[in-house]
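Only one structure is covered here, and it is reproduced in the block below.
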2 protein chains.
Amino acid sequence: QEKVEVREIKCNSLVAEFLRFFNLDFTLAVFQPESSTLNGLDGRENLARDLGITEAEGTAGGPLLLEVVRKCQQKKISGGG
Amino acid sequence: QEKVEVREIKCNSLVAEFLRFFNLDFTLAVFQPESSTLNGLDGRENLARDLGITEAEGTAGGPLLLEVVRKCQQKKISGGG
């Protein structure tokens with residue numbers, strides 16, 4: 001079981017990557033100091049590995065958050081439980 | 001297969017819920033106009049249903065994004081592939 005704070009850093013990293021991808025520069029400029037994540041965010045490569053996302057042609061063109069949402073929806077449809 | 005734009009709205013909603021949860025009010029105040037999501041975000045209930053998240057005691061205390069990250073990590077560990 002991973003600590004919540006560690007998972008929070010991952011969420012922050014996902015959010016930052018998402019903001020960067022969509023060029024939400026003003027949001028990012030406020031987010032980083034407000035969330036104290038100017039340093040200490042996970043890079044995309046680490047994040048992807050950690051979340052079990054294999055970078056393929058399709059994923060490389062979008063933010064990881066989009067991929068994460070897709071995965072959750074797939075799991076819901078295919079797996080259930 | 002869901003359209004990418006629809007999934008983007010879900011990402012935006014997850015981000016907004018995350019920001020709200022951690023009281024990142026300044027970020028939220030910039031995010032909503034910059035991402036044009038002042039209206040038209042999914043509520044938590046809809047989001048949870050759509051992402052296959054069952055709201056339990058554990059999940060209710062945190063933002064859905066945290067739950068989404070947990071799910072991805074679980075899938076990676078338990079499932080593989």
Requested in this report: Please check chain A for the longest run free of GluC sites (Glu not before Pro) that are loop-located per DSSP (anything but H, G, I, E, B) and have at most 16 other Cβ atoms within 10 Å.
Outcome: A:3-54
Report task. Starting from the Cα-Cα distance between B:T54 and B:Q73, subtract it from 0.36 nm times their residue separation and give me the gain in nm to one decimal. Result -> 5.2 nm
Query raised in the report: Relative contact order for chain B: what is it in percent, counting Cα pairs under 8 Å that are at least 6 residues apart?
Result: 33 percent
Report task. Determine the sum of side-chain charges near A:D42: Lys and Arg each +1, Asp and Glu each -1, restricted to other residues whose C-beta is under 10 angstrom from that of A:D42. Result -> 0
Report summary line: Ranked on Cβ counts within 10 Å of their own Cβ, fewest leading, A:S13, A:S36 go A:S36, A:S13
Query raised in the report: What's the exposure ranking of A:T37, A:T27, going from fewest to most Cβ atoms within 10 Å?
Result: A:T37, A:T27
Query raised in the report: Got the A:E5 label distances to the other copies yet, label 7 Å along Cα→Cβ, in nm, shortest first?
Result: 4.3
Query raised in the report: Hey, in the GNM for chain A with a 10 angstrom Cα cutoff, which one of A:A29, A:A48, A:A56 fluctuates hardest?
Result: A:A56
Query raised in the report: In straight Cα distance, which aspartates and glutamates are under 18 Å from B:K10, not counting same-chain residues fewer than 8 positions off?
Result: A:E17, A:E67, B:E2, B:E34, B:D42, B:E45, B:D50, B:E55, B:E67
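Computed from the coordinates by the stated procedures, all read-outs in this text should not be read as laboratory data. Since we're looking at a predicted model, the values are computed, not measured. When we count neighbours, we look across all protein chains shown, and the Cβ atoms used for this are built from the backbone with ideal geometry, even at glycine.
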